[in-house]
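Please treat every number below as a calculation from the coordinates, not as lab data. Only a predicted model underlies this, so the values are computations on that prediction, with no experimental measurement involved. Using ideal geometry, Cβ is built from the backbone for each residue, glycine included, and neighbour counts are taken over all protein chains shown.
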Amino acid sequence: MATAPGSSELAGSRAPSPGGGVQAAAAEEEEREVVRVRVKKCESFLPPEFRSFAVDPQITSLDVLQHILIRAFDLNGKKNFGISYLGRDRLGQEAYLSLLSDWDLSTAFATASKPYLQLRVDIRPTEDSPLLEDWDIISPKDVIGSDVLLAEKRSSLTTAALPFTQSILSQVGRTLSKVQQVLSWSYGEDVKPFKPPLSDAEFHTYLNHEGQLSRPEELRLRIYHGGVEPSLRKVVWRYLLNVYPDGLTGRERMDYMKRKSREYEQLKSEWAQRASPEDLEFIRSTVLKDVLRTDRAHPYYAGPEDGPHLRALHDLLTTYAVTHPQVSYCQGMSDLASPILAVMDHEGHAFVCFCGIMKRLAANFHPDGRAMATKFAHLKLLLRHADPDFYQYLQEAGADDLFFCYRWLLLELKREFAFDDALRMLEVTWSSLPPDPPEHEEASPAGDAATGSPLMPEVGSPQDPGKSLPPQHPLGLPPPQEFGRGNPFMLFLCLAILLEHRDHIMRNGLDYNELAMHFDRLVRKHHLGRVLRRAKALFADYLQSEVWDSEEGAEATASS
């Protein structure tokens, strides 16, 4: 694949222009949540074949597109083909232009996607394959990782870090029905008023006289109920994202963040030493492409393309990619970093927090696709368990793969709600997870970056053979420490969204394509209050049931 040209400035010559200003950029972003694609395959003298599908341009690279085409035309993994798109040449004439890099694909999405992007695949003859459903929504990593669902079984379901809902059991007893009582849930209760957001005065009641956080589990419960006042987020999110080691006083926390910010600046100055010129150029150009289209409708990221907040987001992500070569940068990471930077309003602090969340989510972006495959399997299992009739309907519609939920699982629903609602959703979700503070610091940021974050050393591996399995039950779902790769509440948010639209989907007989387009039109438009209430009630039902680690659940988990 050709190397994408780099740029020393954010306003690179090949970057998209703001067009008619922020409003036009916002409108364009809304329209580009999904791009329809029609593909013509040409093989020697054989009649051409056609396929139609749709992709999310913000998380579809050229490599992913190649995998989609391999699957669409049943090419059996052979990449003996060239791809071109119908655009206009330098003379303004329509012509098929080669797709050789991610920059070419970005240009194709931007200039040739209305009403659909026309592609041509030139390939040597292969076996015919059945047509995909018209406008089949193809999600990127499902193409790479869908076969993983049938791959080798994992020998153990063990874990070191139990989810938060289990970590509080020592306080409330040894049965999970007590958890429900602590969270003030009532079985079958659909609507319960939320508590007001956590205030600064109330937050200080969770600190002792030295400023140490003395009741971390109770703090998370409180945030789970009501979220956090916006002015307090930059303080509380650092706890939720496990930035601080245990036991720091107020003064020690300030010194800690100052030190980590200096370490970040040092890492940022070492790009050239940590990556080859070619790799650095590719990383920066890839990051730049995503930064220039991430949350541009929000005031924090509005304005010129060389604005300080866009530059900070670009540099933060580039530094992460350079210092984490085993993960590097993948499309979608900008969506995870954007709300953190907007809340912290400090590049160094945001970097430390981003490292914290990526400790848990880096596996989402691994090329083997195993983490995503497991999450798909668990969501499918959960829907079948919660609503067999709806699941059967999706089966008959050919939509039970749930690939239209790819973006939900990859970005943990960040893009499905309006920006401010997404902030509340994220903090509530994070509060449902167990505290996992770093146990120690590295003496210097110059350690082996390939083993983990130089600022946030990884602790509490999710696979610790020292932990025993929960007792077996005859029927049910995976246990909380395994469900959703250790984030079970996120799956229940996804389930709540699906069930919010269940009746509309079944009443109108939506097929696979209509269903996928229906949810694409709802990007940033879901009702947070209703979704949270339903998700919490469903989650409470799951916790109360204690019907975990069934044979089906174990089988789905073993594919990770």
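Computed quantities for the displayed model
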read-out	value
Simple spin-label estimate for Ser231 and His346 in nanometres, 7 Å along Cα-Cβ	1.8
FRET efficiency, Arg524 to Asn208 (Cβ-Cβ, R0 35 Å, nearest 0.05)	0.30
Inter-site label distance for Arg507 and Asp541 at 7 Å from Cα along Cβ, in nm	2.0
20 Å reach of a label modelled at Phe194, 7 Å along Cα-to-Cβ, counting backbone N of region 214-246	218-241
Prolate/oblate/rounded label for region 208-302 (Cα gyration tensor, a/c 1.5)	oblate
Theoretical FRET efficiency, 1/(1+(r/R0)^6), r = Cβ-Cβ of Asp246 and Leu100, R0 56 Å, to 0.05	0.65
Sites Asp306 and Glu270, calculated FRET efficiency, Cβ-Cβ separation with R0 25 Å, nearest 0.05	0.60
When each of Lys268/Lys289; Lys234/Lys359; Lys195/Lys258; Lys40/Lys414; Lys260/Lys525; Lys41/Lys525 is checked by Cα-Cα distance, pairs over 28 Å	Lys195/Lys258; Lys40/Lys414; Lys260/Lys525; Lys41/Lys525
Region 203-253 versus region 264-326: alpha-carbon centroid distance in Å	29
